[in-house]
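S.K.: Have a look at this one.
The values are calculated or read from the model by the stated rules, or taken from the named source; none is laboratory data. No experiment lies behind these values; they were computed from the predicted model shown. Cβ coordinates were reconstructed from backbone atoms using ideal geometry, including for glycine residues, and neighbour counts include every protein chain displayed. All accessible areas refer to the heavy atoms of the entire protein, side chains included, with ligands and DNA or RNA removed. Shrake-Rupley method; radii C 1.70, N 1.55, O 1.52, S 1.80 Å.
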Amino acid sequence: MHVRTRGIRTTVAAVAALAAVAGVAAAAVPAAAATAPSSGTPRFLEPAELPPHPTSPWYAGPVTAGQPDPLPVCVGEALPSTATHRSYWTEYDTNAQQITVVERDVQRAKDFAALLRKDIAGCAEKLMEQDPDITATQKNYGRLNVEEGAHVYGLHTASAWGSSDIGLFSVGRDGRTVTVVLWGQMGNFQHAQVSDFKATTVTAVNKLY
């Protein structure tokens with residue numbers, strides 16, 4: 001399950017070298033060249049709205065219909081084919097991804113958001129069951145009061161061969177639309193930009209419509 005990020009300039013890796021959100025092969029595309037969603041569809045984060053990197057700007061790929069490939073760690077198995085996603089990266093080992101799903105009604109959106117939160121809550125244990133060389137630890141950073149609410153989580157993974165990666169996850173909902181934001185880099189919980197990521201999550205949920 002553990003795949004480290006390689007080729008940052010030529011690989012749209014999402015969310016931390018930590019556990020296989022990496023590897024969507026694409027050339028680095030400036031944000032201005034990204035495909036904008038059509039009118040009436042959820043808007044996605046712009047690079048400048050992500051947690052600031054101390055030495056690099058953020059770049060963004062196009063808004064793309066369908067599931068990310070490969071599926072992101074923790075939330076990937078729950079994503080339907082109707083998902084839309086956008087990947088982001090810096091010139092260093094810091095990556096992010098936003099995935100949005102518009103459900104048929106509010107109740108289905110509530111249920112889907114609850115499923116994603118459940119999957120994230122059990123992710124560390126699942127990763128360690130799948131790979132005994134991985135040690136995973138989670139934190140719940142609580143609920144954000146934005147639209148119908150958002151929840152923020154952290155996941156640290158360390159491997160027997162010495163890697164250490166930190167990822168942040170959020171699940172937010174506005175009406176029948178659910179969005180997931182993921183951020184990650186090499187490091188541990190001390191390197192997690194939690195306050196900045198919470199601000200990014202609030203922006204992402206506010207932009208859904």
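S.K.: Consider the range 123-150. How many of its residues are open to solvent by less than 30 Å² (accessible area, probe 1.4 Å) and not aliphatic (A, V, I, L, M)?
M.R.: 4
S.K.: Also: In the list Tyr153, Tyr92, which residue meets the criterion of being on the phi < 0 side of the Ramachandran plot, aromatic (Phe, Trp, Tyr) and open to solvent by 40 Å² or more (accessible area, probe 1.4 Å)?
M.R.: Only one candidate passes the filter, namely Tyr92.
S.K.: Kindly establish whether Val178 is part of a strand (DSSP E or B) and either among the acidic types (Asp, Glu) or open to solvent by less than 30 Å² (accessible area, probe 1.4 Å) (or both).
M.R.: Yes: the conditions hold for Val178.
S.K.: Mind listing whichever residues of the range 98-120 are within 13 Å of Cys74 (Cβ to Cβ), hydrophobic (A, V, I, L, M, F, W, C) and open to solvent by less than 70 Å² (accessible area, probe 1.4 Å)? Can you show your working first?
M.R.: So in the range 98-120, the residues within 13 Å of Cys74 (Cβ to Cβ) come out as 99, 115-120.
Still in the running and hydrophobic (A, V, I, L, M, F, W, C): 99, 115-116, 120.
Ile99, Leu116, Ile120, listed by residue number.
S.K.: Within the range 32-67, take every residue that is touching a strand residue (DSSP E or B) at 6+ places or on another chain (Cβ under 8 Å), of a type outside the set (S, T, N, Q) and at pLDDT below 95 and give me the one that is most open to solvent (accessible area, probe 1.4 Å). Don't jump to the end; show me each part of the working.
M.R.: Our first condition is that a residue be touching a strand residue (DSSP E or B) at 6+ places or on another chain (Cβ under 8 Å); within the range 32-67, this holds for 34-35, 37, 41-42, 44-47, 50-51, 53, 56, 58-67.
After this cut, where a residue has to be of a type outside the set (S, T, N, Q) as well, the list is 34, 37, 42, 44-47, 50-51, 53, 58-63, 65-66.
Next, only the ones that are at pLDDT below 95 stay: 34, 37, 42.
On the way: Ala34: 21, Pro37: 50, Pro42: 14 Å².
Step by step, filter the range 32-67, then rank; the result is Pro37.
S.K.: What pairs come out if I take residues in the range 146-172 that are within 19 Å of Asp131 (Cα to Cα) and pair them with residues that are of a type in the set (Phe, Trp, Tyr) and open to solvent by 10 Å² or more (accessible area, probe 1.4 Å) whose C-beta lies under 6 Å away, six or more apart or interchain?
M.R.: His156/Phe189
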